[in-house]
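Laboratory data are not the source of any read-out in this text; all were calculated from the coordinates shown. This one's a predicted model, so the numbers in the text were calculated from it and none came from an experiment. Note: ideal-geometry Cβ built from the backbone for every residue, glycine included; neighbour counts use all protein chains shown.
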Amino acid sequence: MTEDGPQTWHYGLVAQWWAEFNDDFRAHEIPYFQRFIEAEGEPALDVACGTGRLLLPYLRAGLDVDGCDVSADMIAFCREKAELEGFDPRLYVQAMHELELPRRYKTIYVCGAFGLGSDRAKDRQALERFHEHLELGGTLLLDKETPYADPTGWMYWLEQERASLPEDVQRPSERRRASDGSELRLHARLLNLDPLAQHASYEMRAERWRDGKLEVEEVHRLDVGRYFRNELVLMLEQAGFADVRVQGEHVERDATPEDDFLVFVARKA
C-alpha cells in the first residue's frame, strides 16, 4: 500500500497482536466455514488468512486449505505457527484484487476482510479474481459487518456528528502479555467517515511495553469500505456469480435486519 492509497493496519505490532491474542476471536466462525469446506469440497482458499485463525484449525482437521494475505508480516506469523505444529501450508503474500495463484479451488472464503484497505474498484476486481480462481460449480463465502452494527460508528453517518471527527479520545485496549514477555496495547479511533462513498478511515496506535517502559510505538491507518446487502449481491452477480444467498451471523439461515454480520454465499455457475 502506498501512503496516498488505501491503507491497512495489519503490520508490525498489530500483526503480532493478531498472532498472540486473536485465535479465539469470534470462534463460532470457525465451524461455520468448515462445514462449507467439507460440504462444497477441497481444495479451499482462505483469503486474508492473517495469522491463521481459521486456517490452522482446518489444517488440524485434515483439510486441504491454502492461505493468502496482503501483509507479509501476517503470513510470516501464520507460517511460523503452522510449522510449530508440523504443517507446511501453501501461503501467499497477495492482495485479493491481485490474486494470481497456481491452483483452482472448490471453496473460497473471505472472513472479516472484504473491503479493508481497498476501494470500490479494487473490491470489484477482487470478486472477479475469486470467480476466476474457483472451479466450475465452486462456492464463494464472503462475510461483511453491516454499516449499522456499531452504534458508535453509525452515529457518524449523521452530518452533525461527523463535524466532531476525527475522534479525540482513543479507545485503548488493556495491556496484554505476549509470549516474549513484553506487553502489547492497541488504541483505535475513527478519523473520518464519508456516507456518500460509504467509506471510513481509522487510526490504530500500537505499543510494546517492557519492564514498565514504552519500548516501541507504531501508528497505522485502516480504510474500510462499507456495504449494504443489495449492493454486494449486485456486485457478485456482475462478477459472474449465481445463486447468491445471504445468511446472518454465521448461521445457516436467511439473514434478518437484526443481524450484524451477513455472509454472502455464491456459486460459480
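Exactly one of these conditions fails for Asp143: (1) assigned to a helix (DSSP H, G or I); (2) of a type outside the set (A, V, I, L, M, F, W, C); (3) within 30 Å of Tyr109 (Cβ to Cβ). Give me its number.
The single condition Asp143 does not satisfy is (1).
Here is a check on your reading of the model: is Pro195 in contact with a helix residue (DSSP H, G or I) (Cβ under 6 Å, 6 or more places away or on another chain) and either within 30 Å of Ile108 (Cα to Cα) or surrounded by 14 or more Cβ atoms within 10 Å (Cβ to Cβ) (or both)?
Yes.
Please find, within segment 76-108, the residue that is nearest to the chain's Cα centre (by Cα) out of those that are charged (D, E, K, R) and closer than 28 Å to Ala269 by Cα.
The selected residue is Glu98.
Inside segment 40-56, can you point out the residues that are under 14 Å from the mean Cα position of the chain (by Cα) and more than 16 Å from Ala76 (Cα to Cα)?
The one that is under 14 Å from the mean Cα position of the chain (by Cα) and more than 16 Å from Ala76 (Cα to Cα): Leu45.
Among the strands (runs of 3 or more DSSP E) contained in segment 22-126, which hold 1 or more residues that are more than 27 Å from Gln238 (Cβ to Cβ)?
Qualifying strands (runs of 3 or more DSSP E): 65-69, 91-93.
Filter segment 49-87 down to the residues that are of a type in the set (Gly, Ala, Ser) and in contact with a Cys (Cβ under 6 Å, 6 or more places away or on another chain) and list them by number.
Gly52, Gly67
Which of the residues spanning segment 83-130 are aliphatic (A, V, I, L, M) and either buried (at least 19 other Cβ atoms within 10 Å of the Cβ) or in contact (Cβ under 8 Å) with a residue 40 or more places away in the chain (or both)?
Leu91, Ala95, Met96, Leu99, Leu101, Ile108, Val110, Ala113, Leu116, Ala126, Leu127
Let's see how each residue does on (1) over 18 Å from the mean Cα position of the chain (by Cα); (2) in a loop (DSSP other than H, G, I, E, B); (3) of a type in the set (Asp, Glu):
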| site | (1), (2), (3) |
| --- | --- |
| Leu196 | yes, yes, no |
| Glu203 | no, no, yes |
| Val216 | yes, no, no |
| His220 | no, no, no |
| Glu231 | yes, no, yes |
| Val244 | yes, no, no |
| Gln247 | no, no, no |
| Pro257 | yes, yes, no |
| Val265 | no, no, no |
